[in-house]
Amino acid sequence: MSKEKIALFTIFGGTGDLAQRKLYPSLFKLYQKGYLQEHFAVIGTARRPWTNEHYHGVITDSLASLNADPAMVAKFADHFYYQSHDVTDAQHYITLKKLSEKLDAQYGLEGNRIFYLAMAPNFFGTIAQHLRSENILTPNGFNRVIIEKPFGHDFESAKELNDQLTATFNEDQIYRIDHYLGKEMIQNISAIRFGNNIWESLWNNRYISNIQVTLSEKLGVEERAVYYDNSGALRDMVQNHILQILSLLTMDQPVEFTEKDIDVEKVKALRSLRPLKPEEVATNFVRGQYGADGDVQAYRNEDKINPDSNTDSFVAGKIMIDNFRWSGVPFYVRTGKRLADKFTRIDVVFKRPIVNIFNHDDVRANDDADAHLAPNVLTINVEPTEGVELQMNAKNVGQGFATTPVKLNFAHDSAATANSPEAYERLLHDALNGDATNFTHWKEVAYSWKFVDVIQKYWDEHTPDFPNYRPGSMGPTASDELLAKDGHEWVYKS
Ligand SMILES: NC(=O)c1ccc[n+]([C@@H]2O[C@H](COP(=O)([O-])OP(=O)(O)OC[C@H]3O[C@@H](n4cnc5c(N)ncnc54)[C@H](OP(=O)(O)O)[C@@H]3O)[C@@H](O)[C@H]2O)c1
């Protein structure tokens, strides 16, 4: 059976950064692998008046780093059409409809349409409304819309945005991108958990002490300054990526590994997050903003950042989940900019053995922490290394029975990683297949915002003492204290 997928892509924001850096290379990789062949076409739209020829040059340039066969690149680029289009101008949708119908007939696209909104979210409602009013959706094929984060800036705005989208599209036609869900090791969480009896049997509050999720960035705000200063780390990373990862780590086993069954379990997990009361925010969440250090300037001095900004470039938090499985287990999460390194990792810290028979007397005599056995830690390395590490105790070589922590290590080999699809390629492929498993569903978005809104509101009402961390560190000391007061510590320390 042919693996070819048949569709017309319409990319709103076709001249933008996301389209050029991620979408065109990902579509090309799907083309190289045969998922896209003859029966696909792409309409790129934006306001600037490009010609098709110029657009083909942009497509070719966006693929430069792939070192692909120029003849293949040229053949691929021939499937691209540029349409100058202001999304707020109703007239432009008439032209778009004509071009869509022409390409549908020319390439035999069977009425299958994917609309990719690679633009600021304040345009989503207008685009969706015009797609419906100008009859650009087809009655015979599939119609799917892919949208980017941010999905609102709080629950109310997210709901408004969702209402606008659902006036045109059903929930099962809406593909909300969270590109972390396209990452190899995030997808691997379910395989590790539900494919291995040893883990799933221990995956609860009887055996797990705490779970840590770290999304660490080395760079500052770079070109996203304006957006970021209005958002901050809590909204930009916790509401979406971190809570999505948490839902995959904590959900119960789905009946089947299907989109619907997984969504049911993720929603249950997110509904079980213990909501914080405003007075609990300060003790459970830490915010930070970096100062200057050497050549690195302070957040407030970065280009296009408000010099009085109180935006959080770092957040760490303790999250509790109120259900039978997780009661009593703290989930510590943290993310920030200008930290020690760029990486994403998950550390599952197991409870220590109750008795250390190897240093039994020391433990009983003075409760010496060093005399306890080290906990087992299962680390899921998401990026840049992709793999799994397990810390366990083993006997030191030689005489005596002193123990030492050793590590079992698995990392994907570099050849497998090089061939593994990037997040956007995977997600575009899923959208072509009509599989929204690795996209965010509305109820998940809604519960995530409700959890985060309490924290943001408390922060907005209280002035922070910023800056409070040094670039190159792992955030403010209060982040370490958050764990220390529970008798825990971050597994990864800079
Ligand atoms: N870039 C990333 O890596 C990234 C990552 C995650 C999420 N996102 C999200 O993806 C979306 C796009 O981001 P981006 O970085 O690609 O932004 P961008 O580079 O600023 O691109 C915005 C696009 O919108 C077009 N546009 C603006 N106003 C328009 C109008 N009235 N009518 C038609 N087209 C219009 C612009 O083209 P013209 O000026 O020619 O009209 C441009 O193509 C945003 O929602 C962003 O938050 C981006």
Legend entry - Eligible aspartates and glutamates near LYS97 by straight Cα distance, threshold 18 Å, same-chain separation 8 or greater: ASP86, ASP89, GLU110, GLU134
Inset, instruction - In nm, give the distance between the simple-model label positions of ASN170 and VAL454, each being 7 Å from the Cα along the Cα-to-Cβ direction. - result: 3.5
Inset, instruction - Please state, rounded to one decimal and in Å, the Kirkwood hydrodynamic radius that the stretch 46-92 gives when every pair of distinct Cα atoms enters the mean of 1/r. - result: 11.8
Legend entry - Stretch gain in nm, segment ASN393-GLU223, where the contour uses 0.36 nm per residue and the Cα spacing is subtracted: 56.6 nm
Inset, instruction - Can you tell me the order of 285-292, 268-275, 395-402 when each peptide is scored by its average per-residue count of other Cβ atoms within 10 angstrom, highest first? - result: 285-292, 268-275, 395-402
Inset, instruction - Please go through the residue pairs LYS218/LYS266; LYS5/LYS75; LYS149/LYS493; LYS395/LYS493; LYS33/LYS266; LYS277/LYS450 and name each one whose alpha carbons sit more than 23 Å apart in this structure. - result: LYS218/LYS266; LYS149/LYS493; LYS395/LYS493; LYS33/LYS266
Legend entry - Mean shadow area of the stretch 1-151 over all directions, Cα convex hull, nm²: 9.0
Inset, instruction - State the extension gain, in nm to one decimal, for the chain segment bounded by LYS407 and ARG48, taking 0.36 nm per residue of separation less the distance between their alpha-carbons. - result: 123.8 nm
Inset, instruction - Place a label point 7 angstrom from the Cα of ASP69 along the Cα-to-Cβ direction, then list the residues of the stretch 1-39 whose backbone nitrogen is under 11 Å away. - result: 32
Inset, instruction - Mind ranking 45-53, 428-436 by how tightly packed they are, going by the mean number of other C-beta atoms within 10 angstrom, highest first? - result: 428-436, 45-53
Inset, instruction - Could you let me know the centre-to-centre spacing of the stretch 131-200 and the stretch 271-292, using Cα atoms, in angstrom? - result: 27
Legend entry - For GLY14, distant residues with modelled amide H under 5 Å away: THR45, ALA46
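For the stretch 415-494, just say rounded, prolate or oblate: build the C-alpha gyration tensor, square-root its eigenvalues into a ≥ b ≥ c, call rounded for a/c under 1.5, and beyond that prolate if a/b exceeds b/c, oblate if not.
The shape class here is oblate.
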Legend entry - For the chain, alpha-carbon Rg over 2.2 N^0.38 Å: 1.06
Legend entry - Potential extension, ALA418-TYR107 segment - 0.36 nm per residue separation minus Cα distance: 108.8 nm
Legend entry - Heavy-atom accessible area per residue - the chain, 1.4 Å, Å²: 45
Inset, instruction - Give me the percent of the accessible area of the chain that comes from carbon and sulfur atoms, probe 1.4 Å, all protein chains in place. - result: 50
Legend entry - the stretch 403-452 versus the stretch 310-342: alpha-carbon centroid distance in Å: 19
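The values are calculated or read from the model by the stated rules, or taken from the named source; none is laboratory data. Here the structure is a predicted model, which means the values were calculated and not measured. Glycine gets a Cβ as well: all are built from the backbone with ideal geometry, and neighbour counts include every protein chain shown. The protein model used for the area step is the full one, side chains on, heavy atoms only, and it has no ligands, DNA or RNA in it. Shrake-Rupley method; radii C 1.70, N 1.55, O 1.52, S 1.80 Å.
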